[in-house]
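Nothing in this text is a laboratory measurement; each read-out follows from the coordinates by a stated rule. Computed from a prediction, not measured in an experiment: that's the story for all the values here. Here the Cβ positions follow ideal geometry from the backbone for every residue, glycine too, while neighbour counts run over all protein chains shown.
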């Protein structure tokens, strides 16, 4: 080992030049190698894009429309018309003998006091005819008169129940029923429509109907019908002397 160190010391100049040349060659070779670039990470590129603000959109200004001149109507000039000359007043001096005679217009009479004129006579007032009452047909009037006659008859012949139960309970109410007559006035059928709330009053109303004697139909009433159905109601009240 000592011998090697002694040899290197003795040969230090050639070794130094050799090492220097080797370092120069190595530096030239390293300089010709392509540069090593580390690829950018996609996450770093995306972060850089997000951090960089986008440029504001440029708004293109539209050209302003030029104002359209509005025509102004010029006032029409009216040519001055020749005004008639006013007549000159006559001079009080005597006219010359050479002047032609002038015609003198007659003097109009002075206006008298104003006379009040009578207003024009108005035409006589015309009377507007009122609505003409419509007369019902003869058959309808006869039918209504016959029905009113039957209802009045039933109201006249009705009687308040005289049973002991009626005297104790003293019921009151209105019984509504129907009945059918032929043209001779004979009862063909009857029935209860609305109860009065008391069986005594309902039975008495139907008894009054079935024991009644009805007149025959007028010839003009219920034309074309052999039978006709009627609806009637009898009202019973406690203390009604006319139904006792």
Considering the range 221-241, residues that are under 29 Å from residue 142 (Cβ atoms) and exposed (fewer than 15 other Cβ atoms within 10 Å of the Cβ), and then whichever is nearest to the chain's Cα centre (by Cα), we arrive at 231
Of those in the range 157-178 that are in contact (Cβ under 8 Å) with a residue 60 or more places away in the chain and under 53 Å from the mean Cα position of the chain (by Cα), the residue surrounded by the most Cβ atoms within 10 Å (Cβ to Cβ) is 175
Q. Does residue 211 qualify as being within 28 Å of residue 239 (Cα to Cα) and more than 55 Å from the chain's Cα centre (by Cα)?
A. yes
Among the residues of the range 193-204, the number that are buried (at least 18 other Cβ atoms within 10 Å of the Cβ) and either in contact with a strand residue (DSSP E or B) (Cβ under 7 Å, 6 or more places away or on another chain) or outside any helix (DSSP H, G or I) (or both) is 4
Every listed condition ((1) in contact with a helix residue (DSSP H, G or I) (Cβ under 8 Å, 6 or more places away or on another chain); (2) within 17 Å of residue 148 (Cα to Cα); (3) not in a strand (DSSP E or B)) holds for residue 223 save (2)
(Q) surrounded by 14 or more Cβ atoms within 10 Å (Cβ to Cβ) and within 13 Å of residue 234 (Cβ to Cβ): is that true of residue 181 in this structure? (A) no
Exception for residue 207 within (1) exposed (fewer than 14 other Cβ atoms within 10 Å of the Cβ); (2) free of Cβ contacts under 8 Å to residues at least 40 places away in the same chain; (3) within 21 Å of residue 147 (Cβ to Cβ) falls at (3)
